[in-house]
Amino acid sequence: MAANREEIHKIGAIILQDGKLLVVRKYTPDSRMECIIPGGRVEGSETHRQTLERELSEELGVKLINMEHFGSFDDVAVFERIPIHMEVYTVAINGVPEPSSEVKEYFWIGRDYHDQGIGLGSVLERHV
């Protein structure tokens, strides 16, 4: 799918540990509370792997070990309110996550995340 000016194209990482999913809350101008999976936009001619390596290092200080395609999803971005296309990968990492860059905090969530008062971004909530 070709990205256009009115669409966000991101690469996302599913990181699992002990049956829980790692989600991040980013710093936003309006202090949004929704959590999303780590990842971000492709820069220049980066491959999906290079994008995830860079984003996981910048956002969480961890190293990407391997990745497997999970799916491709289209929705409306929770922050920008415009179409988003996401390529999502299940990944293995090395290191202990430490929030940095635009990541404010992270959580390990299970299926009971609603009970913990955690809201999720559109692609994560509806597709992943």
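None of the figures in this text is laboratory data; all of them are computed from the coordinates on show. Since the structure is predicted, the reported quantities are computational estimates derived from the model, not experimental observations. Neighbour counts are summed over all protein chains in view; Cβ atoms, including those assigned to glycine, are modelled from backbone coordinates with ideal geometry.
Considering only E59, E34, E43, the mean-square fluctuation computed in a Gaussian network model of the chain, springs between alpha carbons under 10 angstrom, is largest for E43. Ranked by the mean number of other Cβ atoms within 10 Å of their residues, highest first, the peptides 44-50, 88-94 fall in the order 88-94, 44-50. Our estimate of slack between L16 and E43, defined as 0.36 nm per intervening residue step minus the Cα-Cα distance, is 7.2 nm.
Over the chain, calculate the relative contact order: mean separation of alpha carbon pairs under 8 Å at least 6 apart, over the residue count, as a percent. The value is 34 percent.
For N94 and Q50 in the same chain, what is the full-extension length gain: residue separation times 0.36 nm, less their Cα-Cα distance, in nm?
Working: separation 44, 0.36 × 44 = 15.84 nm, distance 1.57 nm.
Between N94 and Q50, full extension yields an extra 14.3 nm.
Each residue of segment 92-97 was assigned a 3J(HN,Hα) from its phi angle through the Karplus expression (A = 6.51, B = -1.76, C = 1.60, θ = phi - 60°), giving 10, 10, 10, x, 9, x Hz with x at Gly and Pro.
Once the Cα-Cα distance is subtracted from the 0.36 nm per residue extended length, the F79 to R111 segment shows a gain of 9.2 nm. Debye-formula intensities of segment 25-82, expressed as log10 I(q)/I(0) at q = 0.15, 0.29, 0.30 Å⁻¹, are -0.56, -1.28, -1.29 (one equal scatterer per alpha-carbon, no solvent). For segment 61-106, the C-alpha radius of gyration divided by 2.2 N^0.38 Å, with N the number of residues, is 1.42. In plain terms, if you count all Cα to Cα distances in the chain and split them into 5 Å steps from zero, the share in each step is 2, 11, 22, 25, 23, 12, 4, 1, 0 percent.
What is the Cα radius of gyration of segment 4-53 over 2.2 N^0.38 Å, N being its residue count? Relative to the rule-of-thumb radius for its length, segment 4-53 sits at 1.34.
Please state the relative contact order of segment 10-75 as a whole percent: Cα pairs under 8 Å, 6+ residues apart?
Values: 65 pairs, mean separation 17.7, N = 66.
Relative contact order of segment 10-75: 27 percent.
Taking every DSSP bridge with both residues inside the chain, close to 75 percent are antiparallel.
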